[in-house]
Amino acid sequence: MPVVDSTQDRRTAVTQPGSRMARRAAAAAPPPPPPEDLPPRGHRSGGGQNGQTKMRVLAWVSIGLTTVMVGGTLTAYTAYRDAFGNINQEDAKKDIINPRPPDTGALNVLLVGSDTRAGAGNARYGQQLARTADAGGKRTDTIILMHISPNRDKARLISFPRDSMVQIPRCKNETTKQEMPPRRDMINSAYNTGGIACTMSTIETLTGIRINHFVEVDFSGFKNIVDALGGIEICLKSGVNDKASKLVLPPGKSLLNGEKALGYVRLRKYGDGSDIQRIKRQQIFLSKVVAKATSTDLLTDVGRLREFISAAGQSVTMDPELANDTEQLIQIALSAREMTAGGVKFTTVPWGPDPEDPNRVVWKQPDANELFTSIRTDTEVTVTAQPSASASARPKVTLKPEQVKVQVLNGTKTVGKAREVADELAKQGFNVVGVGNYEATGGASLAKSEIRYAKSIDTAPDYADALAGSVLPKPQPAAGKVKAVGAQPYTSTTAAVTAGAGTKGTPIVQLVVGEDFDSVKVTKLPDSVNKDTITASEQKNVCT
């Protein structure tokens with residue numbers, strides 16, 4: 001979508017007759033700013049247009065608060081356009097100097113909590129920095145990737161422990177613009193020296209996930225938003241008396257104002273004192289913010305809602321593409337209803353202690369990469385064409401992965417590729433029965449992967465389609481199997497099912513791996529990921 005230069009131009013673009021954005025806007029048009037002379041709440045109608053307006057506001061606020069403090073910003077743009085001018089914008093993408101992953105159609109937003117020392121509200125929290133080249137004296141304790149599926153119907157928030165030791169790629173220093181060489185360091189050091197551009201590039205390099213947008217929220221913004229919500233109630237099994245953060249809380253329930261809430265989410269000397277436990281506290285706290293921000297009490301109170309939106313808008317920085325893309329914001333709003341119905345998942349990257357330093361952590365492999373692959377392979381669901389009148393009337397068979405027998409053949413020159421792909425398929429539940437090689441004409445590598453099935457079996461195309469849907473890029477199944485070279489049975493301790501179990505008499509489909517093969521879609525995550533994943537609905541009863 002082209003970037004427009006004024007609010008009037010943006011409105012014209014949205015309402016252009018017949019445009020795709022006009023059709024979306026007709027279905028979910030944002031409400032206009034409320035006039036100053038609104039009647040008291042007791043005299044307003046509870047249904048009709050007012051009821052629709054509340055639902056729209058609910059949608060915008062809910063998605064935003066799920067993503068730390070973004071909700072006020074998104075709502076400010078759609079409900080109260082006068083607050084849009086308060087949102088800071090930064091074109092960080094121009095400073096990314098590393099190759100970027102492809103866009104899959106998902107919406108991936110990097111969320112960073114900044115403790116810059118700039119501004120009176122932040123100065124008391126900023127840390128003294130030893131390196132003068134650091135980017136304006138700012139640090140981050142919070143790095144979260146918000147992933148919204150391509151169909152905008154489910155979401156996952158992934159927390160990256162700040163103590164993670166990772167490979168930081170080459171980046172520009174945010175202050176000097178000089179290129180910094182790659183290094184092994186804590187993940188939050190990317191932000192300290194290279195700002196949001198280096199942080200985006202680091203996450204992209206480590207995960208292979210394209211970051212579409214970013215949002216930064218500073219300390220003052222966090223405090224103001226919590227205060228605008230009237231505080232957030234938490235429940236503790238044991239009390240807190242931390243001199244460093246000047247935070248004193250009793251066991252049981254406490255209502256935290258903005259100042260105490262900031263101390264709570266940044267608290268380190270509590271429990272086992274680990275960054276991992278602090279992340280879990282943040283996740284629980286954010287779920288409570290979501291619940292309160294989407295409550296009827298806030299949405300029906302015009303004064304409080306204005307205060308909340310203003311508080312969010314003043315302390316948020318985002319990329320211009322997100323701030324100015326009306327259609328993108330509408331897409332986020334339309335997906336909010338699903339995401340606030342218990343569909344949001346909070347996940348921490350699988351980790352273990354760093355062998356070189358017990359005070360640091362490293363990501364547990366291959367579990368972490370499987371988590372990233374699940375996000376990276378969450379691609380747009382395509383609508384299959386309707387069969388022609390001359391096509392067979394046989395109903396299509398719905399198959400589970402364990403019902404599909406697969407022989408994997410290596411059509412490339414990479415030794416062991418068939419075994420590698422077979423292992424990926426087995427982890428996702430496919431019944432891999434054999435591996436081998438395929439020799440293309442002339443001895444060259446096969447350029448594109450192929451899926452082959454027997455011509456003589458009527459149901460074979462259904463099995464081939466089930467396999468094709470889990471391979472990226474997706475091959476087009478074709479009738480006629482190819483000759484396998486050096487074929488042998490496949491055995492694996494990671495297979496989800498025993499080869500041949502419950503599939504007697506079913507056809508064997510061939511996957512011939514080509515040079516374009518990227519990955520197998522990950523839908524079954526390892527136990528280490530699942531145990532550190534909490535849904536929004538599960539976090540409602542944390543006090544019990």
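The values are calculated or read from the model by the stated rules, or taken from the named source; none is laboratory data. Everything numeric in this text was worked out from a predicted model, so none of it was measured. Because the Cβ atoms are built from the backbone with ideal geometry, glycine has one as well, and the counts that use them run over all protein chains shown. Quick note on the areas: whole protein, heavy atoms, side chains included, nothing else; ligands and nucleic acids left out. Shrake-Rupley method; radii C 1.70, N 1.55, O 1.52, S 1.80 Å.
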Flag for A422 being at pLDDT 95 or above and either over 30 Å from L206 (Cα atoms) or part of a helix (DSSP H, G or I) (or both): yes
Residues of the range 149-193 classified as open to solvent by less than 10 Å² (accessible area, probe 1.4 Å) and at positive phi, total: 0
Whichever residue in the range 433-460 is within 15 Å of G505 (Cα to Cα) and touching a residue at least 12 places away in the same chain (Cβ under 8 Å) and, among such residues, is most open to solvent (accessible area, probe 1.4 Å): D458
Index of the failed condition, T317 passing every other in (1) modelled with pLDDT of 80 or more; (2) open to solvent by less than 10 Å² (accessible area, probe 1.4 Å); (3) more than 24 Å from S238 (Cα to Cα): (2)
Selection count where residues are at pLDDT below 85, part of a helix (DSSP H, G or I) and surrounded by 19 or more Cβ atoms within 10 Å (Cβ to Cβ), scope the range 89-148: 1
Whichever residue in the range 235-265 is in contact with a strand residue (DSSP E or B) (Cβ under 6 Å, 6 or more places away or on another chain) and touching a residue at least 40 places away in the same chain (Cβ under 8 Å) and, among such residues, is nearest to R281 (Cα to Cα): C235
Condition check for I196: of a type in the set (V, I, T), crowded, with 22+ Cβ neighbours inside 10 Å and in contact with a Phe, Trp or Tyr (Cβ under 8 Å, 6 or more places away or on another chain): yes
Qualifying positions in the range 255-283 - more than 18 Å from D218 (Cα to Cα) and open to solvent by 10 Å² or more (accessible area, probe 1.4 Å): L255, R268, K269, Y270, G271, D272, G273, S274, I276, Q277, K280, R281
Number of positions in the range 522-543 that are open to solvent by 50 Å² or more (accessible area, probe 1.4 Å) and at pLDDT 65 or above: 5
Members of the range 401-453 found to be over 26 Å from P526 (Cα atoms), within 31 Å of the chain's Cα centre (by Cα) and charged (D, E, K, R), listed by number: K448, E450
The range 472-485, residues that are over 17 Å from A460 (Cα atoms) and in contact with a Ser or Thr (Cβ under 9 Å, 6 or more places away or on another chain): L472, P473, K474
Members of the range 149-163 that are assigned to a loop (DSSP other than H, G, I, E, B) and within 15 Å of the chain's Cα centre (by Cα): S149, P150, N151, R152, D153, K154, F160
Residue list for the range 229-254, filter: open to solvent by 40 Å² or more (accessible area, probe 1.4 Å) and of a type in the set (S, T, N, Q): S238, N241, S245
